[in-house]
Each structure stands twice: as structure tokens, then as C-alpha cells.
């Protein structure tokens, strides 16, 4: 088996940093004032301000994320939605009863140029229903929300869903990390609240921890990048769906913030996880600090990272050993994303871990809207990952996608991933993954 040459990560790191610096140089001097103000205003009000690009800056994996983006009507080139009566009914529910609902159904096809398991194609489906209820103080800044997500994920006509089939390429990072398989059930249920004039927020319950741990606006593989390199940080063994708690504090009006959370390490897609949290003292902890253009603006805590147009932050984390699973691990990660123009976001992200399967990573890229209307989205990213096992070689990823908005509620996204030196298949120099994703929101 080929051992990896250790020095090869440094030129990649330099290139990715230079790419980020070049893209950042495209920013006009007034970019922050224009973009951050627009996006935070839209997020706080749950509106559809065209200038803030809500589809780019949202948190669709959260209980209320779809509500703040998918109801936005897209003007210009695309046909109008046929769901206007349904959307009007949902707005009425919100205004009269404090009930918010949104749903989506997506399908993803992927083709693999090589497969260790003989699975050259896979198709997966994903159903999501988000619901929220204003439990206390409806209409006020300190509203207490109870939110839930019901989901179903499964392969469609193929033996494996894209999550499992994609691992057959030999890639050390999943080619479609949330397109797996589980039966219909409750994947999130929590309460959240914004207190003290937007200076403190919290959420507690069954949470999707990647919403809170080193997130950024392009992490959603329902809408944006598909490879795990560009979604969650691959150096962080963050739990997925389990009981936990998280809080964020905004001590000044300068953009400074602190965020921290604690979750059970025993994730369960649709199961009951309260007993795990209180009965098994094995936890994942994280602390994040940084500067944000949305700090203290009332953006819901589960969407604070995914909707943050301008963020520069560092995350420290620790994972306790599991009873019958991976051991103890620690690490650090950073994020920098910036809306350099109203139509262009750039990012640079990376991390280092001790005790996890990916020892280090770095990635950079951009997302660009090619039209002046709030419709299509183009993304390109480049990344590097260093496995902890010294017998495995470094891996490099390039990904390009184009999300074409057929109507305001239906999108289709061609996607291409290029995997250079797949870490788990030393017999291959490269692998290609070609995909097509469709998504209907309602």
C-alpha cells in the first residue's frame, strides 16, 4: 500500500489561501455595509428581501429554516409557482395561530467512475417536513418556539442510497453525507428562545448538531455542495441527531460572539435520545468565538451559522470516548466566509484533530449568482484532507455545481466531483462522481 508523502499538503494550503485572498479582493469597500445589513434584516424578519439572497443564506436543516427561504417568490426569468394558494394558507396559519410549516422532497442520482463495491449508480430520496409553534410571547422578540422536523430517507430503485454507495469510490469524505437511509420519524424536536434584546439565545432538545458546530452558509447538501469536504468539517466527529443544548452570547454591538454546546455522542436518526444524554455520560462539547455580521440581530440560533453572510470564527471541540465505539478526540477548526458582493460569497475553512480519522483539512471556494434576480446558484470548491492513518494518502477534492431554478419551488442541480488520490482506494489515481439533484419545496 502506498504511504502518503507528508509534505504535499503545504502547496495545496498555500494555493487555497491565495484563492480565498484573490476572491476577497473583489469586494468593494462598501460590501459589508450593504450585504450584512440586508441579510440580517431579512433573517430577523423571516422575509424575502431579494437583495439578501435568502436561498444562499439559510438553514434548511433546522426546524424553521425552509420557512425563511422557500416561501420567497423568485422574480424574472422563471415561471411562477403553482403553489401560491398553499403558501398563502401557510402565511395565514402563521399570522393567526403562530404555526409555521414547510416541506420539501428531493431526489439525488449519482454515478461513480469506479467502485470498490460494484455500485456504479445510486438514487436516493429525501422527504422533510418542518413545523414550528410560537409557544410563548408570540409576536415578541423573546418568543419561545417549539420546533420539530419529520424526515424519511431511502434508496430509490437501487440497492444503496448515495451516502453508502459513494463510500465505494474510496473517498475518505462522503460524496453525499445526508442522503442515507432511515424510516419516517422525528429527527429534531427542541425549544429555542432569544432573550435580553438579542444578546443571548439558546436551544435545548433533540438537535441536529451540525447546525451549531462550525457551520457556514453553504453547508446544505440539499441546496449547495454535496461532498462532505464542503458541508460539515471533516476533522470534527460531530454527533448528528441527539439530545443536547447550545447557547450563544453577544456581549457587544461590534459583532463579537461566543457560542457553546453539549450533546450526547449517541446519535439516533429517529429515536428517543434523552435517556442517552442523562444515562450515559459521554458527550461532545464545543466552544466557538469570532466576529459576525449577524451577531445580536435576532437571527434564530439554529440558523445563525447557516445564515451568517460574514463570519470569521474559531471552534474548539472535545469528544468523550463512546462505550462501544470511537475513542476520545479533540481538535480545532476555523471558518471565514464573506459576501464580497451581493452575488458572490467566498469561503476558507480548515481544521486539525487528534484522535479522529481525518487529521487535518483545508478547503476554499465560492458561490455565485450568475443573474441579477434571486434564482440560480453556481458553486466551485477545492479541498484537501489528511487521514490520521499514516498508511493512507492525502486526498484532494474539486466540486462544481449549478443549481438551476426551474420555478420558484422546483430546482435541479447538476453536480461534478473530482477525487484525486482517493484515500481508501490506493489502486486508483482518481475518481469522478457525476450527480443530478432535484428538489421541490412546498
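In whole Å, what is the distance between the alpha-carbon centres of region 195-218 and region 318-340?
Region 195-218 and region 318-340 have Cα centres separated by 16 Å.
Per 10 Å bin, what percent of the C-alpha pairs of region 127-216 does each bin hold, from zero upward?
Taking all Cα pairs of region 127-216, the binned fractions are 15, 33, 29, 16, 8, 0 percent.
If all Cα-Cα distances of region 217-258 are sorted into 5 Å bins from 0 onward, what percent lands in each bin, rounded to whole numbers?
Result, from short to long distances: 5, 17, 15, 16, 20, 19, 7, 1 percent.
Rule-based calculations on the coordinates, nothing more; no lab input. Everything numeric here is computed off the predicted structure, so don't read it as measured data.
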